[in-house]
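Below: one structure, written as structure tokens.
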């Protein structure tokens, strides 16, 4: 009886060992070659795009989008949130008050009506298309709203030591409009199809009048300005990304400036 039990145990051990030995080639080779599993490295969208604006009054602004996030439910409802930074405030012009030259605030005229302006700009923006279609040609509702920090320079007599002192202040803005896009490409390269777009939008912005009077003590304002813009642009990967915009105030700032306001922008993208 004991001999039969030993035989059964020997057979059972042999079956288990054989099964394990046969399973080894299926399970372990993949683990012994870690380079067979290639993981795609995730690269966050940090400083991947930006723009350079040239305005017809000689002002040049430059900015970069620090990061772009989506807040909401993945695959369902999401709000696109962007953070822009590094915008120059007339830094390419002479802003020194030495020699009797006062600092100017005419740069605020273009920054009030431009939704992408500001030293820091936190905003939501996007296009809600009227019809979801794989075609390139489509229309939609354009929106952009957020908060930004602008810079003003105190006005006054040259003999006043406070004259020319920079003051940062908050400015809230919102814009909405209509958007149309269609395809754009080179004649010799029909595979690299980009986008040609047209946009009309209305924009309004508000700043606390008390903050504005910190650098414009003689101004009489409610801090609310609004107007509209008409623009077009062309975006083709690895070729061109530019736009032109015309701005017109309906309720203009209490700052002397030359009309009209034209803006030409050169955008860049560092996405792989």
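Say R0 is 41 Å: what FRET efficiency, to the nearest 0.05, do residue 180 and residue 218 get from their beta-carbon distance?
For residue 180 and residue 218, the calculated efficiency is 0.40.
What whole-number volume per residue, in cubic angstrom, does the convex hull of the C-alpha atoms of the stretch 47-269 give?
Hull volume normalised by residue count: 137 Å³.
Give the residues of the stretch 109-136 whose amide nitrogen is closer than 16 Å to a point set 7 Å from the Cα of residue 69 in the direction of its Cβ.
121-125
Highest mean first, how do 120-132, 138-150 rank when packing is the count of other Cβ atoms within 10 Å averaged over residues?
Peptide ranking by packing, descending: 138-150, 120-132.
Students often get this wrong: which residues of the stretch 51-70 have the backbone nitrogen under 18 Å from the point 7 angstrom along Cα-to-C-beta of residue 266?
51-65
Cβ neighbours within 10 Å, averaged per peptide: list 229-241, 203-215, 65-77 in order, most packed at the top.
Values: 229-241: 15.4, 203-215: 17.9, 65-77: 11.5.
For the peptides 229-241, 203-215, 65-77, the packing ranking is 203-215, 229-241, 65-77.
Listed highest first by mean packing, meaning other Cβ atoms within 10 Å per residue, what order do 217-225, 175-183 come in? If you can, show how the numbers build up before the last one.
Numbers: 217-225: 13.3, 175-183: 16.7.
Descending packing order for the listed peptides: 175-183, 217-225.
Quick note: the coordinates plus some simple rules give every number you see, no bench work behind them. These numbers were taken from a predicted model, which means no experiment stands behind them. Cβ sites come from the backbone with ideal geometry, for glycine too, and all protein chains shown count toward neighbours.
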